[in-house]
Each structure stands twice: as C-alpha cells, then as structure tokens.
Protein chains: 4
Amino acid sequence: MCRWLSYVGKSVFMDELLYQPDHSLVSQSKDATKAVTTVNADGFGLSWYGEKASPATYHEILPAWSDKNLKSIAEHTRSHCFLAHVRASTGATTSRENCHPFTWSKWSFMHNGQIPSFDRLRMGLEQHLDENWYLLRRGTTDSELLFLLLLQNGLDQNPQQAIYRTLEMVEQAISLKDIDEPFKACIALSDGKNILGVRYSSDGKPPTLFYKKKSGAVVMASEPYDESRAGWKNVPPQSLVEITDGSVSVTPLSVSDS
Amino acid sequence: MCRWLSYVGKSVFMDELLYQPDHSLVSQSKDATKAVTTVNADGFGLSWYGEKASPATYHEILPAWSDKNLKSIAEHTRSHCFLAHVRASTGATTSRENCHPFTWSKWSFMHNGQIPSFDRLRMGLEQHLDENWYLLRRGTTDSELLFLLLLQNGLDQNPQQAIYRTLEMVEQAISLKDIDEPFKACIALSDGKNILGVRYSSDGKPPTLFYKKKSGAVVMASEPYDESRAGWKNVPPQSLVEITDGSVSVTPLSVSDS
Amino acid sequence: MCRWLSYVGKSVFMDELLYQPDHSLVSQSKDATKAVTTVNADGFGLSWYGEKASPATYHEILPAWSDKNLKSIAEHTRSHCFLAHVRASTGATTSRENCHPFTWSKWSFMHNGQIPSFDRLRMGLEQHLDENWYLLRRGTTDSELLFLLLLQNGLDQNPQQAIYRTLEMVEQAISLKDIDEPFKACIALSDGKNILGVRYSSDGKPPTLFYKKKSGAVVMASEPYDESRAGWKNVPPQSLVEITDGSVSVTPLSVSDS
Amino acid sequence: MCRWLSYVGKSVFMDELLYQPDHSLVSQSKDATKAVTTVNADGFGLSWYGEKASPATYHEILPAWSDKNLKSIAEHTRSHCFLAHVRASTGATTSRENCHPFTWSKWSFMHNGQIPSFDRLRMGLEQHLDENWYLLRRGTTDSELLFLLLLQNGLDQNPQQAIYRTLEMVEQAISLKDIDEPFKACIALSDGKNILGVRYSSDGKPPTLFYKKKSGAVVMASEPYDESRAGWKNVPPQSLVEITDGSVSVTPLSVSDS
C-alpha cells in the first residue's frame, strides 16, 4: 500500500525527516505500523525542489533502507519542498518507471492506495488521455495513470478542480463496470510552493493520513515519523488538504460517481 | 540498432554461441561491426526453450559483457532453441521491461530496427490492440508493440499472415501521417520448434541479417559471430526466412501500404 | 539473519520448492516466521547443479519476491541439487558480491548467522588465508570469509575436517579478543552430489535448521516451507548433518576454542 | 581505462560540465577519443561538495548515458567542487563498490590507469594497511586500494607527501616481483577546496590529462570536453598538479622505486 512523506517550509537537509526520526520513512520501508503491508520495499523515490521550477528526482528499485545513494543525497541536499515515497506493489512490476513521485514540469505527485480491478479499468481510463499526456506514460501503475488523468483534467490550471474531476472519472469507470471494491487514494501533489493532499476512499475508509506543523514548516505523511506522535493531526477521511505559506486547510471532499 | 542471434537444432550449451566465438553476440554488445551503433549496452535479454512449451527468460539492464549471471546461465544451460538480444536504445528507457525477447505463451520475439517517428504513431497503433493484448504492454518500446500487433494479427494461428498484416499495418500508419523515414524490421520469432525471420525496410535498405547451417542446427543473426565468416549466408533485403527441421527457406516479402 | 534451502535427490523444477509451497523460501524473503528478522530482502542467490561439475549461479540485489528472472529460471530449470538463499544483512552492503551461495570449483556454500564483532576479527581471519584463496575475496561479508576459510582448511580434501578447523579457528579468534557475543553458523555446503549441514552456535543456541525426506530426495532448510510442517525434523543444536544418497546422518558437533 | 573530470571554482549546476558540452564526460562514457578503451560503461560515480565538509556521493552500475537519476541530480544540484568518473573495468567486477570516486571524511579520490599484474601485488599491498584503513575496503579494485594507501601514507596530514610515498610503495612492490608492465596513474584528489592531480606512469607514458581555466574556476579532465579544445592545456607526463584558489601549479613528479 506504500508509505509517503511530504514537506514544505524552511529549507532543511532532507535526512532530518527521512532518516533521523525514530520511525522515519526509511525505517517504515521495512516496518510500517499503520499500513496494510508492513514491508514497502518495491522501490522508492524522491522529488525535491531547489532553485529551479522543476523538481529533481531520484528513483531506485532497491529497498530504501539499503540504498547508500539515497542516504548520501538526503544528508547533503537541502530543500524547502520535497516528496518521498516507499513502494509496496499492488501488482505492477518493480521498476524505476513504476516508482513515485511522478513529475511533469513543476509538478510532483505520489499516491498510496489503488484503483480496484485495475486490469478491467486501465484501457478505458487510458483512452481518456489526449495524445500529449498519453505519450508520457512510462510504466504500468494505476498511480502514474492517476497523475496523467490529473494533468488531462487541468492540474496545471486548476488543481482542486482537476482532483475532483479525476476522482469522479475513476468512480464513474468503477460504477460502469459494476466493480464492488473501493477506490482508495491518499495523494500528495506539489508545485514546489504548496502541497495538496487527498485522503479519499469510495467506502469512506481510506488509508491513514497525518500532518504536523513545525516551526516554519508543515509535514504531511502516511503515518507519524516519531514514536511519540506529539503534534500530529489526523486528516479525516474524505478530505482535501491545502498547505500554503505554513497554514493548513482541511476541507471535506465530496465526490459523486454520476 | 541492437544485435541479436537465434538458434534452433541440437541441444547445446548456450555459451558455445553467445560467448565462445571470436565475434560473439556478447562481444558485439561492446563492438558491433555491421551496425549503425557499435555499442549495444542498453540492456540485453535471452529466451530459451527446454522441456516446457513456454520459454525461460532472462532480462537485465547491465551491459551484457559485464553480467556474471548471464555468463553462468549460458555456460550451464542447454537449449535446442534460443533467442538472444543486446540492445541499443533508439529512445525508450533502459529497463528490464524494454529488453527483448518479448514472450507470450510459447512465443518469443526480438527485433532490430525501428518504427519511425514513433511518438506520432504509438497511440494510434496501440489502439489497434484488443484489451487482452493491450494489457500485456509492460514497457514503451516500438519493439514490444510490434510483438503485440503480431499477436493481435493472429500470430498464434497463422504466423506468416500475422507478419504480413503487421508490416502492412505499420506502413499504413506511416503513410497516413506522411512520415518520410523508413520502417526497419529485422525480426526473429520462435515457437520453440521453428524460427521465423524477417529482414525488411520501407526503403529496401534494412539492417543486415545472416544465417548459417551447422551440423544439426541453424543460426540466424544480425551479423556473423566469427571473424572468418565461413558458411554464413546473407539474407536478401525484403525477405521472410523460415527455419524448420534444419532446413532454411528464404522467400521475398512483399508488403503494400494500402 | 537470512533464510536458506538446500535440495538433493531426483531432478525437479526448482520452483516446486522455491515458489509453490505455501511458506516457500521466496515468501520467507518477505515474511519469515522462525527468524530474528522477518524481512530477508537484501539480495538473494541460487546455485544449481546440472551436467557440469561446477554449479550455475544467479545472484541479485532485488528482493527475491520481485525478481522475474528468478521466477522464470526456477520454473524452467531442473536440478538434482541446488542451494537457495535470501539475505538479511547484518551490516555488509547489499551487492551481488555479498550474496550467497558462494562457489568455487564444484563447491557451493551458504550461511545463516554471523561472526560477532566482525570488524574486530576480519583482518586477523583474512590473514589466515593463503594468497590463492585471499584473491578470491569479492565482497566484505563474514559469510564469504567463512567459505574461504573452509577452502583454506582443506574443504576439497576433507570437508568434515575443514568444518571443524574453521569453526575452531573462528572460536579461537573470538577467544583471543575477549568477545562475548556468540558465533552463529547454520551452513549448507555441497559438491553437487552430497550436502553437508552445520547447526552451530558458541552459546548452544543456533538459528533453527530442519530437514525432510521426500520420495527420492532430501531437503534441508532454515525453516519448513509448508504450514503443515508434516515430515520435517528439527536438527539439534551443535550438529553436523550429512546427506548422501538419500540418507541423512546427524552427528553431534564438538568444537573447542583452544 | 576510465575517463574523469574534476571542477573547482564558482558554484555551477553540474550538468553544465557533465552533459552540456559537445564532448561531455557523459558522452565520453560511450565514445571517448583519447582513451585506450572507447567505451566506459562499467559504472560511474560522482562526488560533490556543498555546505558540509564531507562530499555527497552517487554511484551506479548502469552506463552513465542511460541513468536518469544522474541527469536529474546534475541538472538540479549546484556545487563549487566536484569529481565525476566513468569506468572501464580492467578486470574487477561492475559493482557500486568498485565505482569511483572513493571517499573518506572530507576527501574524494578517483583514478584512471592501473596497477599492473594486480593479482600478484594485491595481497602484499593490502598488508601495508593498518586495520582502520584495511576495514574501509569495500570492493576489489586497484583504485580503491590506491586511495587507502594514500590515507595510510598520511593524506590527511600531508597530501603531497602521501602521493609520493604511495607511488613509491607501488613501484617498490612492482620492482620486488620483477613485473615489467608499467604502473599508470592519473589521479584527482580533493578536500572540497583544492584539487590535486597526478599524471604518472612508470614508463613515462601515462594516460592523457588536461586542464582549463575558466572565469572563476578550473577544470581538470582526462580529455577536453569540447570539440574545439580551446583553452585546454596538456599536463606533461610525470606531473603533480595543484589547483588552489583558481591558480594552477604544475610541478615535475620524480618517483624512485628504491
């Protein structure tokens, strides 16, 4: 089911969040506590923003805990905004192409959850894509497709609207095929300045999502990275989270399938 | 442009063909002589047939010359029929998913050449695929798509017809988009008993293709694997090669684009 | 702490043991039940014997559960004798060079356990090696060093004696440095015909080791590969196991450190 | 024989030197012109200095030209001092552990050349190492050993003296074993502020080495990274290069073997 962490605020060395906490994301790659799967070792990825508008990315198929490159990059690189993801595959191959975050232009995207019965829905959903977005497909995950659907639905113009349209598009496809299992989506999206979060499931029981305000920064993550859990707030199911200039707004998300 | 070798006949340890010759396929991965690109180091792959109807496969993103697993497998595994490929990317990522041979059921396929202006043709050609074939797509190469089009066009029922239909389908797509560059396809296809070869280019100038009869076996390859070149026969451009029970039949291939 | 499985007897497709059982070695790579570490995802390896005296080997740094090459090789390759290992690092890097089984000539070796305070013992133990064995060192694990010490101590001439000498050599080194933690070694060794097993710990509490007689074959493994556990016998601590021609002999192992 | 590039001066995005020039280091990985081997695809590595005293490192076994992580890191990361290396193995395995630059504390080191008949010299040279340096050995290359010998010989106290002592130590070992082939060493060493270069060979015919002064910076490399070659100066054989505060000093290097 994957685990992820997103950060925006004052510039920090990334290992302060990814390695140093006692229940850090890298330790969650081997031993997540709030996840359906405790092992998230089917690759990982990191996107971070620096001076340029577009993010840098690093994707690898090793378990995060054993990759020395990731450790060195995290220890030596400062960023004011970054997204990190450890993957537990729900079916698709372990390859760099299938590792989050997915990026385009200034945008970074990562996802925890799944589109149910994806084999029955994939072709139909991919046909919603215009050719320019269709050709960006590199792998076979439902997650990358969600990102391309967001782009198709106007992410670059109106992110909130694109999120609504994309969730509805997936729910409609599920409805048309009489699929019973729920669509689950815990999403982080960033343009390098703000972070948008989604905690959603068709059945109202999405994966966990938490955020924490720190001095000059906000972290949003699948689960708290410290054992104490001090200061972490639970995002309610069916919520849209908007993190801007250090403030966090959580609003109910209402998705219809018709 | 890639290099490949196919073998069918009496059972041999695969390294006899892949490593031992003085201009072996593995040495061609670093230093091909008859190719547009001399370095073929964007991954490699091997499919081989044993007791089962379906082939075993091994794909890796390292250059073939430095992979110890390949060497050990080739030294210790006998096969009566195998396909081996070293890749030089014409654009798509270096990933296992993009490494030949591609396989389905009893079939193995590999390719040297390219569909021109593939970004303009990819989406249209993929839409020719029925959902069962469409969902087999794992990577982003033109080569994997050619294999899926062959399956769509009845490879399992009538291979020769499937080859004609597929070449025509690609030529028609090129023609519709007014693309000037030629479609190039040197293909090996096997069901574990017979090997089919294609040497084709829209402009009549396909990549090289050679075959050689050995005692109890036939080899077909992009270029001879020995410096002496003794016994190697050149396959003429625009040919279909059929290797069955030790005999080789070469017939002209006539493809129309309308 | 690693998990491993060894097999000798009638020729079988390796996936019958490595994948098909409900608690197979590959499933143990994610979820071992009798181990200190439940995740064994720091690489894996396989050595198998066929027609040649030396074994074929396959080593990879991916978790075993996500490697398609391993699955295809195991499904298509028969062997009468093979060793398979999934690794949980006790410190050394995740690299192919650090993956078991280690091999030389006809010999294969794999290990679960550890030499305690290895940084304090490594240099001294490596200086016991003659240059011909010293130069075979490829990685940095205590396990590879144990194999080289076995070779140094005459594995090829008298395997049982080499095992005694090697365990004693390590115990002496530990004793000289006043190291308190125990040396733990569950070892499988094969020449392609017979398998030798060791279940040993300085403190009499070694990792688990089991064997099972099947029709025409014997399996020895870190833990049973089926949930039912029917037919599996526990190897007592401080034992030497000798599997020859389908019979299993278990004898007490008495190691002195002086 | 490897190719490398080192840079020190005003902070730049690393891709300006590694990718953008028409004969960049990354293009040299496929097509070096002044090297014994034209293909340098047995892994690569990068170390760069930022705010911390120690360098960040990135090592990978893919050919440099096909690694998207390297491209993204180079495009988005500024550094005032970095070392980059593309490897052509002279025997040792393709593994991350065998990729340059090797680092310790603030030091980075990379090498083009080789210790001749290394199998005959390796054990003796490794025995010159004190245990603290011996235990840093991760791979099996002659290059990593040269770096450890430099540390053993006081790199951190007196780099120039450590270079002399190390070259002499290797020459003495060669002399003792009556080895005829030359020791070749083009070396770059950095502490994050200055760069030291060595162009040396026992026979006075070392691999090429060039440097170029740019506005506010100096580059030293195995070969010029632009076709025009404007401004590049050839370092004479048997030279020590010291790059400090934008100035370059080249002094003759006189090594005795007794």
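The values are calculated or read from the model by the stated rules, or taken from the named source; none is laboratory data. Not measured: the values here are computed from a predicted model. Cβ placement follows ideal geometry from the backbone for every residue including glycine, while neighbour counts extend to all protein chains displayed. Protein only, heavy atoms only, side chains kept; ligands, DNA and RNA dropped before computing areas. Shrake-Rupley method; radii C 1.70, N 1.55, O 1.52, S 1.80 Å.
Structural remarks
- The helix-only estimate of mean residue ellipticity at 222 nm for the protein assembly as shown, built from DSSP H runs of length n ≥ 4 each weighted as -39500 (n - 2.57), is -6500 deg cm²/dmol after division by the residue total.
- Label point 7 Å beyond Cα along the C-beta direction, distances from C:Asp178 to other copies (nm, shortest first): 4.9, 7.8, 8.9
- Relative contact order, percent, segment A:3-252 [alpha-carbon distance under 8 Å, six or more residues apart]: 21 percent
- Local electrostatic count, D:Lys193, Cβ distance below 15 Å [Lys/Arg +1, Asp/Glu -1]: -2
- Summed over both chains, the area buried between A and B is near 1600 Å², taken from the accessible surface of protein heavy atoms with a 1.4 Å probe.
- With all pairs of different C-alpha atoms in the average, the Kirkwood value for the hydrodynamic radius of segment A:1-122 is 14.6 Å.
- For chain A, modelled as a GNM whose springs connect Cα atoms under 10 angstrom apart, the maximal fluctuation among A:Arg120, A:Arg165, A:Arg78 occurs at A:Arg120.
- Where GluC sites (Glu not before Pro) fall in DSSP loop in segment C:1-82, at most 14 other Cβ within 10 Å: C:Glu51
- For segment C:178-189, 3J(HN,Hα) per residue [Karplus equation, 6.51 cos²θ - 1.76 cosθ + 1.60, θ = phi - 60°, Hz, x = Gly/Pro]: 6, 8, 8, 5, x, 7, 10, 8, 9, 10, 10, 10
- Dimensions of the protein assembly as shown from C-alpha coordinates, computed as largest minus smallest value along each principal axis and given longest first, are 78, 68, 61 Å.
- Computed Rg/Rh of segment C:151-258, alpha carbon atoms with Kirkwood Rh: 1.00
- Annotation: per residue accessible area for the protein assembly as shown equals 35 Å², rounded to a whole number [probe 1.4 Å, protein chains only].
- Axis-proximal residue, chain D, for the rotation superposing D on C (Cβ, Å): D:Ser95, 3
- Taking Cβ atoms as reference points and 11 Å as the exclusive limit, the residues near C:Asp226 contribute a net charge of -1, counting Lys and Arg as +1 and Asp and Glu as -1.
- Positions from segment C:33-54 whose accessible area shrinks by 20 Å² or more when the full protein complex is built, not the chain alone, probe 1.4 Å: C:Val39, C:Ala41, C:Asp42, C:Trp48, C:Glu51, C:Lys52
- Percent carbon-and-sulfur accessible area, the protein assembly as shown, ignoring ligands, DNA and RNA, probe 1.4 Å: 47 percent
- Orientation-averaged projected area, Cα convex hull of segment D:3-252 (nm²): 12.0 nm²
- Phi angles across segment C:162-170 convert, under the Karplus curve 6.51 cos²θ - 1.76 cosθ + 1.60 with θ = phi - 60°, into 3J(HN,Hα) values of 5, 5, 4, 4, 6, 4, 5, 4, 5 Hz, Gly and Pro given as x.
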